[in-house]
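Below is one structure, written out as structure tokens; comments come after it.
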Amino acid sequence: MDFNVKSGEADTLRGACAIVGVAAPRRLSAAASRLDKIGGGRIAALLKSGDIDTDLGKTTLLHNPGESVPVGRILLVGCGKNKQLSPKEFLTVAGAAARALQNTGAADALAYLTELDVAERGLGWKARQIVIAARAAHYRFDEFKSRDKTPKARLKRLTLAVNGRTQHNEVKAGVARGLAIANGMELARTLGNRPGNRCTPGDLAEQARQLKKTHSSLKVEVLDQKAMEKLGMGALLSVARGSRQAPKLIVMEYRGGKKSAKPVVLVGKGVTFDSGGISLKPGKGMDEMKFDMCGAASVFGCMSAVAELGLPINLVGVVPATENLPDGDASKPGDIVTSMSGQTIEILNTDAEGRLILCDALTYVRKFNPDVVIDLATLTGACIVALGHEATGLLGNHQPLVDALLDAGENSCDRAWQLPLWEEYDEQLASNFADMANIGNGGAGTITAASFLARFTRDYRWAHLDIAGVAWKSGGEKGATGRPVPLLMQYLLARSGKSDA
Ligand code: BES
Ligand code: MN
Ligand code: ZN
């Protein structure tokens, strides 16, 4: 799908479909009102007769709106009854419009949505969100359907209509960011959706090399088992023992900033399938543990988006990748391993494997002399208990970093919520036999998991995103979401001085 930007008024721009807002009570957006004037007042009449729903996110498609009207259809999107939309409401409007558009026969469309008034957000932000919404509605994952592939949607081009030159540049910049983020989210979703047998640690390593082919600004290095043994990554390797797939530590580097600028380091959990290991999970819904590499997938997504935009920052992405399976040689409850940091760990539950692979990756990244390190992981079921599927769990050892991530989540409507990292929780990790156990024993599972990681991140500013509740959807809409790419990209854009709120 192509996107472009055009200046002009709604009664002059031609196209197969115009998308405009309507609000209660019977309020037409500026573009809707222009279209209605030349169309003889049909929209106003239909509003009056109650045939157009103005509730937030409700859509009505008007065919053949009149001879002098320069579009073949008008898609009316309900904006509710408030004069101003909240950012979240704007996402609902853009998403509803994008989905409704897929069901029309229109090959191109003109969106008059940047004219909607959104609290505390500007044109560039609105343009970015329209592109992300349109691409999300367009996305299909049918790599493994041999027939009945979803017919290609007819929509080929979406034009964002603006009035005036000054708006043009702002909207164009927003579209470019939206495209890069949408591409990153799509990559994250596709990697997440691939089944465990087609998305192994080796496949992820191959994906990194592929990404380097697309973006020559990336450097990629893959550490194999031997290299990890040399580094003493006993925690990471203890998880891989039960698997016949070779583990990989994937390192991607993007240098767009000054040579001297310390990098942002992203570390993503890449468990390509989590059966629980010897502490085997129950069978119901276990297929969803193919999504246990969604942290890794979002790291790929961010590397791709940052490289596409050529942001003036230095960014490193690190992905520890392995399967977690039961086997005669698998780690057992009670086993003690030595991490790369030298700290010993008693594995009381082999299903708490994410922290075992992350702790060695977090020790490894010290070599980059990072400005900040952010890890993202589908780490605990407890996070879903605490926050459901709305917010990412956020914990960290440097409050300004945590605040910046909370802001980025708020700005991008990809929100996170902070949980405390008090030492009282850390006490739960005491072990009679090693420096620490890999699980707590008294609730607050998301916090004890983060407390575990905190023992490996003392040398730098660090934040942890627990994305167990947000990285994928279950049920009829089962599939990866691409979160938290929008949050992280907003954080990185803000750091680059390129935010456009
Ligand atoms: N990958 C899971 C966490 C998870 C579970 C995410 C369900 C999303 C949905 C993780 O490896 C895990 O199994 N965590 C355990 C930790 C426990 C053994 C302390 C959990 O959450 O049950
Ligand atoms: Mn697990
Ligand atoms: Zn896991």
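I need the calculated FRET efficiency for the pair K498 and R209, taking r as the beta carbon distance and R₀ as 30 Å, to the nearest 0.05. Plugging the Cβ-Cβ distance into 1/(1 + (r/R0)^6) gives 0.60. Amide H contacts for T350 (H built 1.01 Å from N in the peptide plane; partners 5 or more residues away or on another chain; cut-off under 5 Å): S279.
For the chain, relative contact order (Cα pairs under 8 Å, six or more residues apart, normalised by length) works out to 14 percent. Relative to the Cα centre, the charge distribution of the chain, modelled as +1 at Lys and Arg Cβ and -1 at Asp and Glu Cβ, gives a dipole magnitude of about 2000 debye. The convex hull of the Cα atoms of the stretch 311-394, projected and averaged over all directions, covers 7.7 nm². By other beta-carbon atoms within 10 Å, ranking S260, S341, S33 with the fewest at the front produces S260, S33, S341.
Taking the inverse of the mean 1/r over every pair of distinct Cα atoms in the stretch 71-193 gives a Kirkwood hydrodynamic radius of 15.4 Å.
Per the Debye formula on identical point scatterers at the alpha carbon atoms of the stretch 2-161, with no solvent, log10 I(q)/I(0) at q = 0.12, 0.18, 0.19, 0.21 Å⁻¹ is -0.49, -1.06, -1.18, -1.42.
Here the stretch 426-488 is assigned +1 on the Cβ of each Lys and Arg and -1 on the Cβ of each Asp and Glu. Its dipole about the Cα centre then comes out at about 280 debye.
With a Förster radius of 51 Å, plug the Cβ-Cβ distance of H168 and M286 into 1/(1 + (r/R0)^6) and report the FRET value to the nearest 0.05. Computed FRET efficiency for H168 and M286 comes out at 0.50.
For R73, the residues whose modelled amide H falls within less than 5 Å of its own, excluding neighbours fewer than 5 places apart on the same chain, are C17, A18.
Residue by residue, the stretch 490-497 carries 3J(HN,Hα) couplings of 5, 4, 6, 5, 5, 4, 7, x Hz when phi is fed to the Karplus relation 6.51 cos²θ - 1.76 cosθ + 1.60 (θ = phi - 60°); x denotes Gly or Pro. Taken along its three principal axes, the alpha carbon spread of the chain comes to 82, 50, 43 Å, from the longest extent down to the shortest. Two decimals is fine: what's Rg over Rh for the stretch 444-484, C-alpha atoms, Kirkwood radius as Rh? Value, to two decimals: 1.14.
Taking all Cα pairs closer than 8 Å and separated by 6 or more residues, the relative contact order of the stretch 423-499 comes to 17 percent.
Coupling constants for the stretch 125-136 follow from the phi torsions by the Karplus curve (6.51 cos²θ - 1.76 cosθ + 1.60, θ = phi - 60°), and in residue order they are 4, 5, 4, 4, 5, 5, 5, 4, 5, 5, 5, 5 Hz; glycine and proline get x. The ranking of D55, D414, D117, D426 from fewest to most other beta carbons within 10 Å of each one's beta carbon is D55, D117, D426, D414. In the stretch 1-97, inverting the average of 1/r over every pair of distinct C-alpha atoms gives 13.6 Å as the Kirkwood radius. Whole-Hz Karplus values for the stretch 14-24 come out as 9, x, 6, 7, 10, 10, 9, x, 9, 10, 8 Hz, taken residue by residue from phi with 6.51 cos²θ - 1.76 cosθ + 1.60 and θ = phi - 60°; glycine and proline positions read x. Footprinting exposure proxy ranking of W417, W472, fewest other C-beta atoms within 10 angstrom first, gives W417, W472. For the stretch 76-124, the spherically averaged projection of the C-alpha convex hull amounts to 3.7 nm².
No lab work stands behind these numbers, since they all come straight from the coordinates. Source: prediction; values computed, not measured. All Cβ positions, even for glycine, are placed from backbone atoms using ideal geometry, and neighbour counts span all protein chains on display.
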